[in-house]
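Down below is the structure, laid out as structure tokens.
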Amino acid sequence: MKLVIASRNGKKVEEISRILGEALGLEVCSLDDVDQSIPEIEEDTDTFQGNAVKKAVVVAAKTGLLCLADDSGLEVFSLGGKPGVYSARFAGEHKSDEDNNRKLLDLLVDKPDRRARFVCYIALADRNGLIGLVSGQVRGKIAFRPKGKNGFGYDPVFVPYGYDKTFAQLSSREKDKISHRRRALRKARRVIKDYLISLNFLPL
């Protein structure tokens, strides 16, 4: 059975595929692998969970496949939770990760409180609608300058508590152990497993 990830972000799909692996006997694929004609789903709700549910339900309906969609981002306490749902376009539409990180660091120049958290909501849907919604988070602080080459997004400026390195300085294996997406995916696996059992795809 195929599990389509409602994303064209290659690095995100790779990370999700890596964490899920071959668990539960599913073939994990990206939206482009399944149907390149499906337009980008606009993330126009004001919550992470709303965006995740919208993407999962729309893509599952269009493809007829089990779909996993996530919406995730960075919330900085001294900025009132920004960039939040606008994390990917914080510096403007079509701006780069570097642009977003630069804007964030500029806004924090005079702020002593650099606490932040990454949050991730994952929605699962099939052709009949939503079957599950889970979340995960990891807390940390914002570094004073970008460090590291791994990962994507705000990884070069986020230092998780208990570490002296940014996400971008950690190996993929180290990051996978503690990331917000890993914590949400661990819960999503249980939802997927229960769903597959209900279809007699997996034994009890």
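Remarks
- The chain - Debye-derived log10 I(q)/I(0), Cα point model, q = 0.12, 0.17, 0.18, 0.19 Å⁻¹: -0.60, -1.14, -1.25, -1.36
- Reach of LYS11 by Cα under 15 Å, taken over aspartates and glutamates that are not fewer than 8 positions away in the same chain: ASP32, ASP33, ASP70, ASP71, ASP97, ASP155, ASP176
- Choice from GLN137, GLN169, GLN36 showing the highest fluctuation, given a GNM over the chain with Cα pairs closer than 10 Å: GLN36
- In degrees, nearest ten, helix 48-63 long axis to first principal axis of the chain (Cα): 30 degrees
- 0 to 90° range, to nearest 10: angle between helix 10-20 axis and the chain longest Cα axis: 60 degrees
- Nearby lysines by direct alpha-carbon distance to LYS82 (threshold 16 angstrom, same-chain neighbours under 8 apart not counted): LYS103, LYS111, LYS141
- Selected from THR166, GLY153, PRO112, residue furthest toward positive end of dipole (the stretch 69-191; charges at beta carbon): THR166
- Using only side-chain charges placed at the Cβ, +1 for Lys and Arg and -1 for Asp and Glu, the dipole size of the stretch 34-134 relative to its Cα centre rounds to 240 debye.
- Entries of LYS54/LYS193; LYS54/LYS187; LYS62/LYS95 with Cα pairs more than 24 Å apart: LYS62/LYS95
- Shape of the stretch 1-79, Cα gyration tensor, a/c cut at 1.5: oblate
- Think of each Lys and Arg Cβ as +1 and each Asp and Glu Cβ as -1; about the Cα centre, that makes the dipole of the chain roughly 840 debye.
- Tilt relative to the chain, helix 97-107 - C-alpha long axis, 0 to 90 degrees, to 10: 40 degrees
- Each residue of the stretch 155-162 is assigned a 3J(HN,Hα), and the resulting list reads 3, x, 10, 9, 10, x, 4, x Hz, derived from the Karplus form 6.51 cos²θ - 1.76 cosθ + 1.60 (θ = phi - 60°), x at Gly and Pro.
A short reminder: the numbers here are calculations on the coordinates, not readings from a lab. Because the structure is predicted, anything quoted here is derived from the model rather than measured. Using ideal geometry, Cβ is built from the backbone for each residue, glycine included, and neighbour counts are taken over all protein chains shown.
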